[in-house]
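The values are calculated or read from the model by the stated rules, or taken from the named source; none is laboratory data. In this text the structure is predicted, and so the values were computed from the model without any measurement. For accessibility, only protein heavy atoms count, side chains too; no ligands or nucleic acids. Shrake-Rupley method; radii C 1.70, N 1.55, O 1.52, S 1.80 Å.
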Amino acid sequence: MRRVVLYIDSLTSGGAERSVLLLSRGLSNKGHHVVVVTVHGEKRDFYTLPKNVHRYSLGLTRKNRGLGKLFYNEKRIRALREILKKEKCDVVIGMMTMCSVLATVSCFGLPTRSITAERNYPGRKPAIKPWGFLRSVFYRFADAHIVQSKETAAWLEKHTGAKNTYIIPNAVSWPLQSFPPSVDPASLLSSDF
């Protein structure tokens with residue numbers, strides 16, 4: 001059994017958030033101890049975590065400018081480190097650039113391994129400042145990197161010095177859920193097709 005932390009900004013209705021839900025469910029179903037840590041609180045949640053997955057909300061979302069922002073991220077690092085120590089975590093997976101950088105830094109000096117999970121192609125969708133720069137500095141210290149394509153893996157290796165990059169496409173839940181209204185694809189195609 002592994003003790004795993006998934007660290008993400010929130011559980012709103014995005015793709016990375018859906019990945020956290022599916023990953024937390026899958027890992028806990030396999031007998032692992034799973035903890036989800038979010039920056040934002042539960043008021044913003046779209047997804048509901050499985051009952052056997054523990055949740056921490058840091059509540060450190062205040063918008064600051066300049067040095068105030070830097071100190072707020074330092075508080076996030078300290079809070080995440082405390083959770084990693086308390087939960088005796090084997091691994092933390094940071095979802096998206098900001099959380100991946102903070103998770104990697106939080107593991108310095110701890111036995112916890114850090115994994116980054118980039119959910120976009122950075123060459124097409126750059127990270128907001130200063131996270132792009134921080135990614136280029138700190139990703140080389142992560143133990144592994146999860147990406148969705150070989151192009152993203154190549155980009156990270158070239159621009160951040162990332163090693164141990166693994167390509168894992170988005171998960172698909174089977175059977176596919178059906179929501180009304182549903183349309184039979186054959187009704188939209190001509191008989192010549």
Task: Cα pair count fraction exceeding 17 Å, expressed as % - segment 121-162 - done: 21
Open item on the list: I'd like the Kirkwood hydrodynamic radius of the chain, using the inverse of the mean 1/r over distinct C-alpha pairs, in Å.
Closed with: 17.9
Open item on the list: Counting only Cα atoms, I'd like the Rg/Rh figure for segment 88-162, Kirkwood definition for Rh.
Closed with: 0.95
Open item on the list: Over the chain, what is the relative contact order in percent, taking alpha-carbon pairs closer than 8 angstrom and at least six residues apart?
Closed with: 16
- [ ] Note down the accessible area of HIS32, probe 1.4 Å, to the nearest 10 Å².
- [x] 50
Task: Under Karplus coefficients 6.51, -1.76 and 1.60, residue-wise ³J(HN,Hα) of segment 173-183 in Hz, glycine/proline x - done: 7, 10, x, 5, 6, 10, 10, x, x, 10, 10
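In whole angstrom, how long is each semi-axis of the equivalent ellipsoid of segment 128-187, when you take the square root of 5 times every eigenvalue of its Cα gyration tensor and sort them from largest down?
Output for segment 128-187: semi-axes of 37, 14, 11 Å.
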Open item on the list: Can you give me the Kirkwood hydrodynamic radius for segment 1-62, using every pair of distinct Cα atoms, in Å to one decimal?
Closed with: 11.5
TODO: Pull up the cross-link candidates among the lysines for LYS86, meaning alpha carbon to alpha carbon under 30 Å and not fewer than 8 places away within one chain.
DONE: LYS30, LYS43, LYS51, LYS63, LYS69, LYS75, LYS163
Task: For TYR72, solvent-accessible area (1.4 Å; no DNA, RNA or ligand), Å² - done: 40
